[in-house]
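I have placed the structure first, in the form of structure tokens, so that the comments after it can refer back to it.
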Amino acid sequence: MNSIFDIAEKLVKSSSLNVDEYEKLIDGFNPEIAEYLKIEAVKKRRSVYGNQVFIRGLIEISNICKNNCLYCGIRGGNGNCQRYRLSPQEILSACISGYELGFRTFVMQGGEDGFYTDEILCELIGEIKKRFPDCAVTLSLGERSRESYQRLFDAGADRYLLRHETADEELYGKLHPENMSLENRMECLKNLKEIGYQVGCGFMVGAPCQTTRHIAKDLKFIEEFKPDMCGIGPFVPHKDTIFKNEKAGSADLTCYLLSIVRLIHPNILLPATTALGTVENDGREKGILSGANVVMPNLSPESARKKYELYNNKLNTGVENAFHIAELKKKMEGIGYEVVVAKGDVVASPQRYKS
Ligand code: 5AD
């Protein structure tokens, strides 16, 4: 079990490796092995989801955030960030437009903004589910108490995205302020799962100080946690952070990791992220061709879009724009995929839920 090809083959066959093997697989990245894993990942995805690509309407509800994650453009400490918050009415309007465009999942994403109390969110979620019973509501609103997650779930929320950011405590400490902890992040993820959400974790590729060992630990965590969704995108520097002069993460490595995650969990919902589209032309198409099966175009009102700047040069035109859905459909057709009007829930596999 020492050649990189043996390790790749083991992953294809058993969907599991140890941390050392994941590390070797990442260190041994080369175009040939990437091509092999890509072909196998696409085969697995096809067996579960055919050639369908799910779309999610992303609504960036607020860039006000109490946290100060060192890499993030909307961190609370950034005095140069022009803050905004959408009202529940504006969010509902975005859902109405989105529904007409064919979206059947609405993702409400935002900073940790105290305005969005359980009361306000529960009422809003209830209203969206009442008007659009055939749609899923996904939340991406950071760390909250277990009670809060439970209330939002009871109000009708279906899914929750909370990237773990890194599975390594030391690296977590280098990327976050002292008042944040990996332990609490993991506790939140566990709570979300126990409550019954479809849960998404994820991490950035090429984050400052990140080594291949760290990524290997992320992969092992993803293997064991068995998330329903996983957001993986390259790190992109933002000018108002201490990481402004760092390099962006690699699109090729991101695509390689998408293939690996697809092979670990054939049924996972895996987005080709905006960050991937930002670091490389046609990054999103490359992501789909590597094993991803979800895209999340932006449904936020025009006024909000430029201000939700997690990193510099974030794409907000073309296929990133939910209102340009026809262009996205054409691009996906061009590479042999079909954008569908569907809720796009995770497919439960006997293999995953056996234990
Ligand atoms: N580059 C890439 N991704 C980023 N995120 C935050 N800042 C950046 C950045 N500079 C990601 C984080 C977060 C998600 C909403 O966006 O992983 O969880």
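The values are calculated or read from the model by the stated rules, or taken from the named source; none is laboratory data. All of these numbers come straight from a predicted model, not from anything done at the bench. Positions of Cβ are generated from backbone atoms using ideal geometry, with glycine treated the same way; all protein chains shown enter the neighbour counts. Surface accessibility is based on the protein's heavy atoms, side chains included, excluding ligands, DNA and RNA. Shrake-Rupley method; radii C 1.70, N 1.55, O 1.52, S 1.80 Å.
If you take the residues of the stretch 27-65 that are of a type in the set (D, E, K, R) and within 21 Å of the chain's Cα centre (by Cα), which of them is nearest to the ligand (Cβ to nearest atom)? Walk me through it before giving the result.
Filtering the stretch 27-65 down to residues of a type in the set (D, E, K, R) leaves 27, 32, 35, 38, 40, 43-46, 56, 60.
Remaining after also requiring within 21 Å of the chain's Cα centre (by Cα): 38, 44-46, 56, 60.
Working: Lys38: 23, Lys44: 25, Arg45: 23, Arg46: 28, Arg56: 14, Glu60: 10 Å.
The qualifying residue nearest to the ligand (Cβ to nearest atom) is Glu60.
What do you reckon, is Lys329 crowded, with 21+ Cβ neighbours inside 10 Å and either more than 16 Å from the ligand (Cβ to nearest atom) or of a type in the set (Gly, Ala, Ser) (or both)? Please lay out each step first, then the result.
Details: crowded, with 21+ Cβ neighbours inside 10 Å: no; either more than 16 Å from the ligand (Cβ to nearest atom) or of a type in the set (Gly, Ala, Ser) (or both): yes.
No: the conditions fail for Lys329.
Only one of these is more than 15 Å from the ligand (Cβ to nearest atom), open to solvent by less than 20 Å² (accessible area, probe 1.4 Å) and touching a residue at least 24 places away in the same chain (Cβ under 8 Å): Cys255, Cys230. Name it.
Details: Cys230 fails: more than 15 Å from the ligand (Cβ to nearest atom).
Matching residue, one of Cys255, Cys230: Cys255.
Only one residue in Pro88, Pro31 is over 29 Å from Pro301 (Cβ atoms) and without any contact (Cβ under 8 Å) to a residue 40 or more places away in the chain, so which one is that? Before the answer, list the steps.
Details: Pro88 fails: over 29 Å from Pro301 (Cβ atoms).
Criteria check complete, one pass: Pro31.
Which residue out of Val137, Val107 is at pLDDT 95 or above, aliphatic (A, V, I, L, M) and more than 13 Å from the ligand (Cβ to nearest atom)? Show your work before the answer.
On the way: Val107 fails: more than 13 Å from the ligand (Cβ to nearest atom).
Every option except Val137 fails the conditions.
Quickly run through the stretch 112-165 and pick out the residues that are of a type in the set (Phe, Trp, Tyr) and not in a loop (DSSP other than H, G, I, E, B). Before you say what the answer is, go through the steps one by one.
Our first condition is that a residue be of a type in the set (Phe, Trp, Tyr); within the stretch 112-165, this holds for 115-116, 132, 149, 153, 160.
Correct list: Tyr149, Phe153, Tyr160.
So which residues in the stretch 71-80 are surrounded by 16 or more Cβ atoms within 10 Å (Cβ to Cβ) and either away from the ligand (no atom under 12 Å from the Cβ) or under 23 Å from Leu269 (Cα atoms) (or both)? If you could, list the steps in order and put the result at the bottom.
Here is the first cut: in the stretch 71-80, the ones surrounded by 16 or more Cβ atoms within 10 Å (Cβ to Cβ) are 71-76, 78.
Residue satisfying the conditions is Gly76 alone.
If Tyr22 meets every condition in (1) closer than 30 Å to Thr212 by Cβ; (2) assigned to a loop (DSSP other than H, G, I, E, B); (3) of a type in the set (Phe, Trp, Tyr); (4) more than 16 Å from the ligand (Cβ to nearest atom) apart from one, which number is that one?
(2) is the only condition that Tyr22 fails.
Suppose we filter the stretch 195-227 for residues that are more than 10 Å from the ligand (Cβ to nearest atom), farther than 21 Å from Val295 by Cα and open to solvent by less than 10 Å² (accessible area, probe 1.4 Å); how many remain?
4
Residue by residue, here is whether (1) surrounded by fewer than 18 Cβ atoms within 10 Å (Cβ to Cβ); (2) among the β-branched types (Val, Ile, Thr); (3) closer than 22 Å to Thr274 by Cβ holds:
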| site | (1), (2), (3) |
| --- | --- |
| Asp20 | yes, no, no |
| Ile26 | no, yes, no |
| Lys38 | no, no, yes |
| Lys43 | yes, no, no |
| Arg56 | no, no, yes |
| Lys66 | yes, no, no |
| Cys69 | no, no, yes |
| Ser97 | yes, no, yes |
| Gly111 | no, no, yes |
